[in-house]
Each structure stands twice: as C-alpha cells, then as structure tokens.
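Let me begin by presenting the structure, written as structure tokens, before commenting on it.
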Amino acid sequence: MRSGRTILAALPRPQPRGIPTIDSTRTVFWADDAVQMIDQRLLPARCEVIALRSVDAVADAIRTMAVRGAPAIGAAAAYGMALAARASAGRASAGHDSSERASTRASTAHPSQSAAGDDIARLRTDLDRAAATLIAARPTASNLAWAVHRLLAAFERSGGGDAYAVAAALLAEAEVIADADIATNRRMGAYGAALLPDVATVLHHCNTGALATVDYGTALGVVRAAHEGGKRVHVIVDETRPRLQGAKLTCWELDRLGIPHTLIVDGAAAWRMAQGGIDAVLVGADRIAANGDAANKIGTYGLAILARHHGVPFYVVAPTSTVDLQTPGGEAIVIEERDGDEVTHVEGHAVAPEGTPAFNPAFDVTPQSLISAIVTEEGVVRPPFAAGLRDAVANAGARDHGSAASLARAATPSGASTGAMSAPPREATAA
C-alpha cells in the first residue's frame, strides 16, 4: 500500500519562520485502510493529516471543507466509495463467520454461491447509499459526482463474485483517479503556461493549487508550470471572502514554491486592474456547462466583468471531469448556499451584529461570453466553446485510465488538437 507521501516533493522546504511543512504529502490519499487528507481548515497555522474511516466522515470533511477544490473533492469521493465497499465486504464476512459458528455441520468455510450473490447485492445497495451521501455533500462540484459514478461503473465492470475482490477493484479505480489527476494537472499547466508572457503579472482567485487537487493544481498549476519553465510570474492573490482560501491557502502554497505574490482584499481587484500591468486573470471551476458557462468560487463573475472592462484575458483552468455536457448552460447549475455564519463571523469572531441576515452562495456562474479561453488537459478551448468542450471530453474519454500506458501518455501533452482546441508550442511540454 502506498504511503501517499510523494506528491509535493518539488516544493522547497520552508525557511525557519514557524510555518508548517506539508512534508511532501498528497492532499488526498489512501493509507492504513483509511482515506487520509490534509485538513485545510487548520492552515496556515497547522498542517495536519486526518484519517477518515467511514463514508459519513468523508462526506463531512467535504461539507466542512477539510478538503476542497473540485479535483480534490473528486478524489476524496472516489476513496470514500472504496471505503464503503470495503466496509460492506467486512460486514458480509462477519455475517458468514457468525453463521458458520452457529452451524454444527458446516461443510465449508466459504459462503455459498447464493450467499456470495447476496453479498454483492448488499454491496451495491451500500454503494448507492454512499453515492447519495457523498454527492449531497457539495452539489455544485461536478468532479464529485463524476468520481462517484466512475466508481459505480467500476462495480458494474467487476462482474460480481467475491465482495472483497470487488472492493479491491474499487480501491484500485480510486487510485487510478488520484494518479491521473496529477498527470492531468501537469498537462493543463503546460497548456496554460504557454498563454502567459515571459514576464507576467496574473490575478488569481480562491485556491487552485496542489491543495485543491491531488497535487500540482489547475489555475495555480499554470503559474507553477510557467515558473518552473523559467518565466517570471508575480501573482496578485484575492483573499477570497468569506473563507479566505486565497489568503490562507494560495499564499501558503506560493510561499513554498518561491513564487512572488501580493495579497489584496477582494474589493481591491478593480483598482488594481485599473492601474494596469495585469496580464491575465486565472481561475478554476467547479462545474462547466456545455456552452462554456463556468461555476466557480463566489466573486469569480465579478472578476470576469472587471477583466472584460479593462481588456485583461480571463482564463478558466479545469479538467474535463469538471465539464458537464448534460447541463446546457449556467442557469441550470445548482449553486450551493452555505451557512450565513461564514459571512457574519471570521474565525469564530462576530464581525456583524447578532442576528444580521446573510446571503452566502459558495459559487457564482461566469457567462461564457466573458471567458477568453478554457484550459483543459486536452488543449486550450476557445470561443465558441460548445464544440471544443465536446471534443475535449471525447478525447479524454478515449484515454484508458486503467492502464499504465495511458497514465504515461497523460503526463505529456499531445501535439494535436481538434475542434476549437489549440495545442501549446513545441517547447511547452509538461515536466
């Protein structure tokens, strides 16, 4: 069983400033028969890994944002489904053991074919319950439902048989999803880095780095790839109210990467753009509709309007697992609304009079008309987005995620593109 402590090795060790190190740990991984993840609620003061041993615990971690970021949530949900399968198999085994002890004339230590069939039927029921619990945790995130349904598909492919063998197959599929996320992010990083000039100042919203994925990052992965490729990038970091993911998480990651950055309050973005010198706005996405409308952290829509007004390119960076071709446009995207206490309180301290009503949508939807390009692992999709997004999803689906050869191919962007997608220059290949 892998240790999960291999993903952020490229990050420099922090200087002795009392800032914790993430100790080269994946954001989400499987170890010691549990879903392990960095508890992002504690950052930047403390960096701790928590072990989750039930589906309810995984769903609660997603809901309370111990883990957040669409790809990281997807991986966590996949591992949560594997956890449910193992728990179901364990209950079935315990039931057989009890039945065998009660029988004085048992002829075999293994369940009958009929019992095995019952085990698989119960496993499917348990997986359906787990799927509903996980998807309900954060309904806007497309990657969550995508990962859950991929694990259900893995169950269907398993063909039944021994419940433990099926559970092992589901865990293997979750590991493939996690590993592929890293290769996907590196591909996006290479495509996106080619869009930036050699000396660039970019404005970034929320957190889209390694902490938002299994590793490396989406929009912040573009910054990271550009930095690793020798470009001089300075990041203007929105604090990202109300939970301050930009201040707490993005600044924490950029500090370790040695990438210059400046933190601003969200309300300063307009004035900073008006001063000039912003080369691009980079954001992630939690769900992208078929027409290119993109749901992302609240405040993204406002940045897109500002970028258009000031003539600044606005790039959305997200894997094809975030693209929901079944949702025609942004008006059909369900927007999660969170507790108003997140607005009226900061770190548990009231900043508004008691009883003040608060409106707290977690996301907004940026119309595709305000988006300059969508960067995926299959290429840079430009307006009109519908055809390019369909091609990107089709190309990604053609990859055999279950083979080692596929994962190796995913680590290097192809030189070809289809539809409205464009490939990066020859020199823009992923490390």
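As a proxy for reagent exposure, Cys206, Cys47 were ordered by neighbouring Cβ count within 10 angstrom, fewest first; the result is Cys47, Cys206.
Scaled against 2.2 N^0.38 Å for its residue count N, the alpha carbon radius of gyration of region 188-422 is 1.01.
The Glu347 and Ser369 beta-carbon pair, evaluated with R₀ = 41 Å, returns a calculated FRET efficiency of approximately 0.60. One decimal place: the segment Ile335-His149 gains 64.9 nm when fully extended, by the rule 0.36 nm per residue minus the C-alpha distance. Subtracting the Cα-Cα distance of Phe359 and Arg157 from 0.36 nm times their residue separation leaves 68.3 nm of extension gain.
Extension gain for Ala387 to Gln326 (0.36 nm times residue separation, less C-alpha to C-alpha distance): 20.6 nm. For Ala31, nonlocal amide neighbours, meaning residues 5 or more places apart or on other chains whose placed amide H falls under 5 Å from its own, are Gln36. DSSP beta bridges fully contained in region 188-422 are about 40 percent antiparallel. The calculated FRET efficiency for the pair Val199 and Asp118, based on their C-beta separation and a Förster distance of 60 Å, comes to about 0.40. Listing Ile73, Ile305 from fewest to most neighbouring C-beta atoms within 10 Å gives Ile305, Ile73.
Going from the residue with the fewest nearby Cβ atoms within 10 Å to the one with the most, Thr208, Thr64 rank Thr64, Thr208.
Taken together, the values in this text are just the output of simple stated rules run on the coordinates, not laboratory data. None of these values were measured; they are calculated from a predicted model. Note that each Cβ is placed from the backbone with ideal geometry, even for glycine, and that neighbours are counted across all protein chains shown.
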